[in-house]
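The values are calculated or read from the model by the stated rules, or taken from the named source; none is laboratory data. Owing to the predicted nature of the structure, the values given are computational and were not obtained by experimental measurement. We place every Cβ from the backbone using ideal geometry, glycine too, and count neighbours over all the protein chains shown.
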Amino acid sequence: SSKVWVLGDGQLGAMLAHAGKPLALDVRPIDIMQPTDEQLPLATDDIITAEREQWPESALSLQLSTHHNFINGPVFGRLADRFTQKSLLDQLQVATAPWELVDNYSTSAALHAHYGARVLLKRRTGGYDGRGQYWLKQSENTAIPDDWRNFAIAEQAIDFDEEVSLVGARAQDGKCYFYPLTLNLHQDGILMASIAPLARLAPLQSQAEQMLSTIMQGLDYVGVMAMECFRLGDKLLVNELAPRVHNSGHWTQAGCHIDQFQLHLRALCNLPMHRPQVNFQCVMINLIGIDRDDRWLSLPNAELFWYNKEVRPGRKVGHLNLSVHHRVQLSDSIQQLKVWMPQQYQAPLEWVMAEFF
Ligand code: ATP
Ligand code: MG
Ligand code: MG
């Protein structure tokens, strides 16, 4: 029977393969970072997806990306470049942080005149986990780095109340399905923790769904897409889009009857789709640059996903999903993690506690 091939073999590819098992879907993540002349035994009715926005061109990646069932093919390049991604949001009239292209004529003076004393430069391509960002500060007379011209956009610094994201999927018949909004905490540009669902975010749900529907319809997209937003009062501004399963949707593995990985596979394979039922409220803690600690498994409400990657500073090496059955159990688990985890986790764990107590 047909296979689902995934461009990329990181943790997202592995979790897609894992999610395919109960449906007996044969999901094959492929490492496309090492150049190779190897060819894959692709069949005409196989389906191709990606777990990343960008990949180096090679005989192998071309074999996958030129297959007629490479779903959302043209979308990846368009969203991988912040210039074309932000242009799309403007064109669809979806609210996003004010921005412009940094070109040969840009000056810091003009950027400060347009956006204020702090302006965030972001590389057009390749940035993730906050890499590829550069703050222009009027007070420090920061200059635009020469090699960022034409390769970056400038964004207004948004004084947001908090960050939320919406993960949704569009089926082949054009219907869209959404998870509840997720509350996210980033530290130094990296996602540290998420909480979902939250009753206090419910009033924003339809606004968020309309925004992501507009985007997915506008792109004729199929599968899971994530929309990261800033919340300012009762308004959402899109920060960025990811045409794939997303870290802020990992809580759905513990919390929902169909997780984001299975929802993506169902959409790709044209299987029945539903609005996912939420079984539990969840807290997701990202494991970043820390060694595995089997004591985590002693927490009664924890599920560990360990990616089996070499541990390096700032690198995502796993996540913990904590299901929230009652507040005392959650509080005990968070307090225990505070004892076991290093300094950079104290603030995120406090942030989780503050949401519940
Ligand atoms: P990701 O790993 O999510 O792909 P990234 O490197 O692509 O991250 P962004 O999501 O654009 O980068 O930014 C990372 C974080 O930096 C955001 O989640 C937010 O906390 C902060 N940030 C980004 N843009 C702005 C902005 N315009 N104003 C204020 N903070 C911002
Ligand atoms: Mg990004
Ligand atoms: Mg982001």
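The table below gives the values:
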| item | result |
| --- | --- |
| Any hit, the stretch 108-116, residues being away from ligand 3 (no atom under 14 Å from the Cβ), over 30 Å from S213 (Cα atoms) and among the aromatic types (F, W, Y) | no |
| Enumeration of residues in the stretch 205-231 that are more than 11 Å from G168 (Cα to Cα) and within 11 Å of ligand 1 (Cβ to nearest atom) | E228, C229, F230 |
| Filtered residues of the stretch 164-177 (kept if of a type in the set (D, E, K, R) and surrounded by fewer than 19 Cβ atoms within 10 Å (Cβ to Cβ)) | D173, K175 |
| Boolean, G130 is loosely packed, with under 15 Cβ neighbours inside 10 Å and within 16 Å of ligand 2 (Cβ to nearest atom) | yes |
| Set S139, S108: member being surrounded by 14 or more Cβ atoms within 10 Å (Cβ to Cβ), over 21 Å from H186 (Cα atoms) and polar (S, T, N, Q) | S108 |
| Subset tally (residues that are touching a Ser or Thr at 6+ places or on another chain (Cβ under 8 Å) and not β-branched (V, I, T)) for the stretch 171-196 | 9 |
| Strands (runs of 3 or more DSSP E) wholly inside the stretch 238-357 that include at least 1 residues being among the charged types (D, E, K, R) | 302-306, 316-324 |
| Hey, N321 under 30 Å from G127 (Cβ atoms), within 16 Å of ligand 1 (Cβ to nearest atom), touching a His at 6+ places or on another chain (Cβ under 9 Å) and polar (S, T, N, Q) or not | no |
| Spans of strands (runs of 3 or more DSSP E) in the stretch 119-236 with at least 2 residues closer than 29 Å to V102 by Cβ | 133-137, 152-156, 162-170, 182-187, 190-196, 223-232 |
| Pick from the stretch 124-160, criterion among the polar types (S, T, N, Q) and closer than 22 Å to H246 by Cα, ranking: nearest to ligand 3 (Cβ to nearest atom) | Q133 |
| Flag if L88 is within 16 Å of ligand 2 (Cβ to nearest atom), at pLDDT 95 or above and not assigned by TED's automatic domain parsing to the domain that holds V238 | yes |
| The stretch 230-279, subset surrounded by fewer than 16 Cβ atoms within 10 Å (Cβ to Cβ) and farther than 26 Å from T49 by Cα, residue farthest from ligand 3 (Cβ to nearest atom) | N279 |
| Pair list, Cβ under 9 Å, 6 or more apart: the stretch 140-153 residue on the phi > 0 side of the Ramachandran plot, other residue at pLDDT 95 or above and of a type outside the set (A, V, I, L, M) | N141/S108; N150/D103; N150/N104; N150/R124 |
| Total residues in the stretch 161-202, condition more than 16 Å from ligand 3 (Cβ to nearest atom) and at negative phi | 21 |
| Residues of the stretch 107-116 classified as assigned to a loop (DSSP other than H, G, I, E, B) and free of Cβ contacts under 8 Å to residues at least 40 places away in the same chain, total | 1 |
| Candidate set from the stretch 142-163 (those that are within 16 Å of ligand 2 (Cβ to nearest atom) and among the acidic types (D, E)); member that is surrounded by the fewest Cβ atoms within 10 Å (Cβ to Cβ) | E163 |
| Residue identified as within 18 Å of F261 (Cβ to Cβ) and either surrounded by 15 or more Cβ atoms within 10 Å (Cβ to Cβ) or among the acidic types (D, E) (or both) among I32, I48 | I48 |
